[in-house]
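Engineer: First the structure, which I've put down as structure tokens, then a few questions once you've had a look.
The values are calculated or read from the model by the stated rules, or taken from the named source; none is laboratory data. What you see is a predicted model; the values in this text were computed from it and never measured. Please note: Cβ atoms are built from the backbone with ideal geometry, for glycine as well, and neighbour counts cover all protein chains shown. All accessible areas refer to the heavy atoms of the entire protein, side chains included, with ligands and DNA or RNA removed. Shrake-Rupley method; radii C 1.70, N 1.55, O 1.52, S 1.80 Å.
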Amino acid sequence: MLHYLTVPVTAFQQNASILWCDATNKATIVDPGGDLDVLLAEVQRLGLTLDQIWLTHAHIDHAGGTGELAERLSLPIVGPHPGDQFWIDALPQQSAMFGFPPAQHFTPTRWLADGDTVQIGNETLHVRHCPGHTPGHVVFHAPQIDRAFVGDVLFAGSIGRTDFPQGNHQDLIDSITGRLWPMGDQTVFIPGHGPESTFGRERKSNPYVGGT
């Protein structure tokens, strides 16, 4: 079975998620933005073997610790979509601009595209390309546990910002309504910041996409 633990990291309180397969104890971290020692302590506490890094997108609070973590433990980096290459290239400048520890740029081991799958141990998750917040943003869907790890596409009561370079408001709305909603109202999503919610709740009450 697939399990997860959400660990807020960095001054931006970004939700890094440790995902693992309980049959193999193999784990991945989604969006290791920083505070790597905190994340690795949780991996150790849970008795897991970390063997991948998955990225939803390449903003500093989500990807800032990725290069160091990959180098430190010789881990493959999976994602995001190639549309975020320019954000990866700009990680050192992003870290300086927002007062983060120096961040390394990196080349993902594997880029992701809409319709791909990723695997951790015996568990398979589905990849949806959800541009708007960034052009290369992806979402990881785990239908076996009715969960989706959506980065900064959607929040409880809000949606991702689109005022960053190559952000696009209409693309974001289309991603939410066309790629998230079909996962089902019952699906609980883990956003990049703040509390979990369900797609059904947001379809009814979110001021930006309610009623869609």
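Engineer: In the chain, what percent of the accessible surface is made up of carbon and sulfur (1.4 Å probe, ligands and nucleic acids excluded)? It would help to have the intermediate numbers written out before the result.
Structural biologist: Details: 4400 of 8640 Å².
For the chain, the apolar C and S fraction of the accessible surface comes to 51 percent.
Engineer: Rounded to the nearest whole Å², what accessible area per residue is found for segment 2-205 with the 1.4 Å probe?
Structural biologist: Values: 8110 Å² over 204 residues.
Per-residue value: 40 Å².
Engineer: Follow-up question, since we're still on this one. Which of Gly194, Gly99, Gly67 ends up with the largest GNM mean-square fluctuation for the chain, with Cα atoms connected below 10 Å?
Structural biologist: Evaluated over the chain, the most mobile residue of the options is Gly99.
Engineer: Please give me the summed charge of the neighbours of Leu172: other residues whose Cβ is under 10 Å from its Cβ, Lys and Arg +1, Asp and Glu -1.
Structural biologist: Around Leu172, the surrounding residues sum to -2.
Engineer: Using a cut-off of 14 Å between beta-carbons, work out the net charge of the residues near Pro108 (Lys and Arg +1, Asp and Glu -1, Pro108 not included). Please list the in-between numbers first.
Structural biologist: On the way: positive: Arg110; negative: Asp31, Glu71, Asp84, Asp89, Asp116.
Neighbourhood net charge equals -4.
Engineer: Counting only helical runs of four or more DSSP H residues, what would the 222 nm mean residue ellipticity of the chain come to if each run contributes -39,500 (n - 2.57) and the total is spread over all its residues?
Structural biologist: Numbers: 7 runs with 48 residues, N = 212.
It comes out at -5500 deg cm²/dmol, rounded to the nearest 500.
Engineer: Share of Cα-Cα pairs in segment 2-205 beyond 32 Å, in percent?
Structural biologist: Values: 1693 of 20706 pairs.
Considering segment 2-205, 8 percent of its Cα-Cα pairs are separated by more than 32 Å.
Engineer: How big is the C-alpha Rg of segment 1-83 next to the rule-of-thumb value 2.2 N^0.38 Å, as a ratio?
Structural biologist: Here the Cα radius of gyration is 1.00 times the empirical estimate.
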